[in-house]
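Each remark here refers to the structure printed beneath this line.
The values are calculated or read from the model by the stated rules, or taken from the named source; none is laboratory data. Because the structure is predicted, anything quoted here is derived from the model rather than measured. Cβ sites come from the backbone with ideal geometry, for glycine too, and all protein chains shown count toward neighbours.
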Amino acid sequence: MQLERVLEPEVMDTKEEACDYDTMDHSTVNRAFVEDFLSLGKIGETVLDLGAGTAQIPIELCRQYEDCRVMAVDLSIEMLELARYNVEVAGLIERIGLDHLDAKQLPFQDDSFHAVISNSIVHHIPNPLDVLKEAVRVTAVGGILFFRDLMRPHHDDQVAFLVETYAGSENSHQKQMFDDSLRAALTLEEMQELAQMMGFDPASVQATSDRHWTWSGIKNSN
């Protein structure tokens, strides 16, 4: 029987949460995210990253792709404080903008960005469709939407296995954060249903690891 979705707080806004998240080793996952995004072809110059956290992915993206500027937004002030530090250390303050925004209610005009990306925002949102529709709205016609997030396991023993496999060397709080995130995630089928509701092919959402789904879509003119 499929595990029921158990929501976690939408905003990771304590200093402990932000620091623990930032110090976990996301390098392999972040590098794969950027490489998979760039493999889609011409992505344009302007990229919006929703739920950018401490800006690890925008930094990796700018390192791999010299012709883009990234607007990185997050609802957590503590995350953004660390993001500012990380961006300055990386020497990318002229290419990465940071803003404290709610991804469910973006201030940007329609068709503002050549691409909209997000890694692991969906499992934080009680109604993910609110964020997904906003992402589609601000993406330019012909632009790329690229979302990746955790995929909710079927059983408790699968949760325990994934936590031990991918967070076994982390501290107890970091392990619990990962456990909570897995339980708050959507299943592959749930995300495919949301994609279809927005007019995208359900097959545009695929399982891309033992713990992730990925949605890759192109905004059309309809």
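The single condition from (1) touching a Phe, Trp or Tyr at 6+ places or on another chain (Cβ under 8 Å); (2) assigned to a loop (DSSP other than H, G, I, E, B); (3) modelled with pLDDT of 95 or more that GLY91 fails is (1).
Of the residues that sit in the stretch 38-66 and are among the polar types (S, T, N, Q) and part of a helix (DSSP H, G or I), which one is nearest to LYS104 (Cα to Cα)? Here the residue is GLN56. The residue of the stretch 94-122 that is farthest from LYS42 (Cα to Cα), among those that are at pLDDT 95 or above and small (Gly, Ala, Ser), is ALA103.
The set of residues from the stretch 180-203 being in contact with a helix residue (DSSP H, G or I) (Cβ under 8 Å, 6 or more places away or on another chain), buried (at least 17 other Cβ atoms within 10 Å of the Cβ) and assigned to a helix (DSSP H, G or I) comprises SER181, LEU182, ARG183, ALA184, MET191, GLN192, LEU194, ALA195.
Quick one: which residue in GLU35, GLU8, GLU17 is assigned to a helix (DSSP H, G or I), under 23 Å from GLY168 (Cα atoms) and either touching a residue at least 40 places away in the same chain (Cβ under 8 Å) or not polar (S, T, N, Q) (or both)? Break it down into steps so the answer makes sense when it comes.
Numbers: GLU35 fails: under 23 Å from GLY168 (Cα atoms); GLU8 fails: assigned to a helix (DSSP H, G or I).
Answer to the check: GLU17.
If we scan the stretch 123-146, do we find a residue that is part of a strand (DSSP E or B), out of contact with any Lys or Arg (no Cβ under 9 Å at 6 or more places or on another chain) and either aliphatic (A, V, I, L, M) or modelled with pLDDT of 95 or more (or both)?
Going residue by residue through the stretch 123-146, those that are part of a strand (DSSP E or B) are 139-146.
So of that shortlist, the ones also out of contact with any Lys or Arg (no Cβ under 9 Å at 6 or more places or on another chain) come out as 146.
Add one more test, that the residue is either aliphatic (A, V, I, L, M) or modelled with pLDDT of 95 or more (or both), and what stays is 146.
Taking every residue of the stretch 123-146 in turn, at least one turns out to be part of a strand (DSSP E or B), out of contact with any Lys or Arg (no Cβ under 9 Å at 6 or more places or on another chain) and either aliphatic (A, V, I, L, M) or modelled with pLDDT of 95 or more (or both).
Can you go through THR165, THR214 and tell me which one is of a type outside the set (D, E, K, R), free of Cβ contacts under 8 Å to residues at least 12 places away in the same chain and either under 16 Å from GLU4 (Cβ atoms) or outside any loop (DSSP other than H, G, I, E, B) (or both)? Result of the check over THR165, THR214: THR165.
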